[in-house]
1. Considering each residue of segment 13-23, count those that are closer than 18 Å to residue 74 by Cβ and surrounded by fewer than 22 Cβ atoms within 10 Å (Cβ to Cβ), and give that number.
2. Out of 208, 245, which single residue is within 22 Å of residue 194 (Cα to Cα), over 28 Å from the mean Cα position of the chain (by Cα) and not assigned by TED's automatic domain parsing to the domain that holds residue 154?
3. In contact with a strand residue (DSSP E or B) (Cβ under 7 Å, 6 or more places away or on another chain) and outside the structural domain of residue 283 (by TED's automatic domain parsing): which single residue out of 193, 152 fits that description?
4. Test residue 264 against the stated conditions and say whether it is touching a residue at least 12 places away in the same chain (Cβ under 8 Å) and either over 16 Å from residue 140 (Cα atoms) or more than 15 Å from the chain's Cα centre (by Cα) (or both).
5. For residues that are exposed (fewer than 15 other Cβ atoms within 10 Å of the Cβ) and touching a residue at least 24 places away in the same chain (Cβ under 8 Å), scanning just segment 55-71, find the one that is nearest to the chain's Cα centre (by Cα).
6. As an exercise: evaluate residue 266 against (1) assigned to a strand (DSSP E or B); (2) in contact with a helix residue (DSSP H, G or I) (Cβ under 7 Å, 6 or more places away or on another chain); (3) under 30 Å from residue 207 (Cα atoms) and give the number of the one condition it does not meet.
7. For segment 84-164, give me every one of the strands (runs of 3 or more DSSP E) that falls completely inside it and has 2 or more residues that are surrounded by fewer than 15 Cβ atoms within 10 Å (Cβ to Cβ), more than 11 Å from the chain's Cα centre (by Cα) and modelled with pLDDT of 85 or more.
8. Within segment 26-43, can you find the residues that are within 23 Å of residue 75 (Cα to Cα) and either in contact (Cβ under 8 Å) with a residue 40 or more places away in the chain or loosely packed, with under 15 Cβ neighbours inside 10 Å (or both)?
């Protein structure tokens, strides 16, 4: 509708009965009100008001316009109230994006969050792609590496995940325990399929393990974990997902240089909303024990 301003002006004139009253409510000059009324009457080809010394009285056509405009105004008021209400609720869709390999850590926390806030509909997206928060593709992103630099994003440190080299008990029984670094000849490794990855442990493997000894590669961290568990080779796994697994043997303890830093990223327009703040606080509270273990 290309003349909504004029209709809104006419509605206020019909409701209040005077040009000056409508001008005050709308915050415009009284000449603007008169211009809107005249333009709307010309466009519709009908008189909407009878002009007289005491003000404006709506004609039959003006009364029709008043009823429609009143209903529309009420609907907009209800819509505004609903939108404001949603801003104060922890409900509706919540899109969380993260790198792969964190399912074991995050999914139980997400489940507990939905138990606490049953009206939330979660979308949990794992991808190496950087979702565009400025276009509303996600509410919260968990990213790894250097702190994201986009100026409109709010970036908070989250976790520093420690990694170690593990092998399955069946692998150790078959190939023996290697000395790393040192006696690695004859041993088999599981690695990432992205040779350009900047992940610290990928860089270490690229610099220290001959290519021909990396016998299994995947871009999926879950596949690499299963390969290590199945005895395919030795590989890097997060300590948080291995501590309770009796089928895994720690071949080399974590090194600081292998740590992966994680960041919580939100867009500044959504950062302070009730829903996003509730999720961020919940996530931090339920991972506090991991931060407490870090120096």
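1. Here the count works out to 2.
2. 208
3. Numbers: 152 fails: outside the structural domain of residue 283 (by TED's automatic domain parsing).
Residue meeting the stated conditions: 193.
4. Values: touching a residue at least 12 places away in the same chain (Cβ under 8 Å): yes; either over 16 Å from residue 140 (Cα atoms) or more than 15 Å from the chain's Cα centre (by Cα) (or both): no.
The answer is no for residue 264.
5. For segment 55-71, the residue satisfying everything is 70.
6. Checking residue 266 against (1) assigned to a strand (DSSP E or B); (2) in contact with a helix residue (DSSP H, G or I) (Cβ under 7 Å, 6 or more places away or on another chain); (3) under 30 Å from residue 207 (Cα atoms), the one that fails is (3).
7. So the answer is 153-161.
8. The answer is 27, and nothing else.
The values are calculated or read from the model by the stated rules, or taken from the named source; none is laboratory data. Note that the structure is a prediction, hence the values are computed from the model and not measured. Don't worry about glycine lacking a Cβ; one is built from the backbone with ideal geometry, like all the others, and counts go over all protein chains shown.
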